[in-house]
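Derivation of every value follows stated rules applied to the coordinates shown; laboratory data play no part. Remember, predicted model here, so these are calculated numbers, not experimental data.
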């Protein structure tokens with residue numbers, strides 16, 4: 001005959017539930033203290049607002065890197081990616097978009 005397997009459903013009474021370890025609490029606190037990094041499109045909106053004039057995506061990428069708002073994580077075409085993201089926001093949000101296209105390849109804040 002085979003033996004019946006039993007599973008343990010409750011912890012023994014002498015074992016208390018484990019509290020959060022101090023290293024996890026420190027890690028959470030460290031994350032809360034760090035300022036949140038801007039995304040490329042958020043950094044572009046900030047750069048355009050500060051510039052006060054229309055810019056193309058190459059100029060925005062250079063300004064974002066210079067002011068340390070955003071740096072490309074190693075992509076080959078960050079300007080093309082930014083261009084696509086801005087156009088997507090304009091088409092999706094319409095008049096509520098942060099950007100407006102002023103001329104071919106140039107954007108300004110709305």
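Once the chain from residue 56 to residue 96 is taken as fully extended at 0.36 nm per residue, the excess over their C-alpha distance is 12.3 nm. Please say if region 40-109 is rounded, prolate or oblate, where rounded means a/c under 1.5 for a ≥ b ≥ c the square roots of the C-alpha gyration tensor eigenvalues, and otherwise the choice is prolate for a/b larger than b/c and oblate otherwise? Note, shape of region 40-109 comes out prolate.
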